[in-house]
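Asker: Sharing a structure below in structure tokens format, with a few things to ask.
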Amino acid sequence: MDILFPNLDSTQLLLEYGKRWIDVDAKDQDRGDTALHIVSRNFRKNVQGTATNIIELLLDAGTHIDYVNNYGKTPLDQSSGIGIRTLLRSKQTPSRLKCLCAHLINIHQIPYDHIWPNPTALTTFVQLHDQPSSEDDDLDFGLFD
């Protein structure tokens, strides 16, 4: 039996039994993609339902929909199907206050390096919420005007 990815059963298994050890927002070394980026971008037409189910599982596990990869793209920016785009858009609002604050720090380039000279979890969190590179900023709720 072959396992094709994205695979709903393996994702459920990992999230259910490995939740203590799994960081659902972990980024890959090449592109800086989270699991949500990868599943949103890479789906086969015959398993789109599976991809949307995996996205629901990741969102329920607390993954951030607004993290950007090394190219400044959010999972929504890279989504490849209308069902996935619709699902991600429906789940993006309202954003968590801490995410909006991190996004605001990046938009207005508020310096914080002098406060934390060494990388910390907070500096990483702010960097992960960098401003999306798309001209159509899907995270702008009119709060930053």
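Asker: Share of Cα-Cα pairs in the stretch 8-128 beyond 23 Å, in percent?
Answerer: Here the long-distance tail beyond 23 Å is 34 percent of all Cα pairs in the stretch 8-128.
Asker: Could you count how many Lys pairs in the stretch 8-128 have their Cα atoms under 21 Å apart, skipping same-chain pairs fewer than 8 positions apart?
Answerer: Pairs that pass both the separation and distance tests number 6.
Asker: Of 118, 21, 53, which is farthest towards the positive pole of the stretch 8-128's charge dipole, taken about the Cα centre with +1 and -1 on the beta-carbons of Lys, Arg and Asp, Glu respectively?
Answerer: 53
Asker: Run the numbers for residue 21 and residue 56: contour at 0.36 nm per residue of separation, minus the present Cα-Cα distance, in nm.
Answerer: So the extension gain works out to 10.6 nm.
Just so you know, all these numbers are worked out from the coordinates, no wet-lab data involved. For clarity, every value in this text was computed on a predicted model and none was experimentally measured. Heads up, the Cβs are rebuilt from the backbone with ideal geometry, glycines too, and the neighbour counts pull from every protein chain shown.
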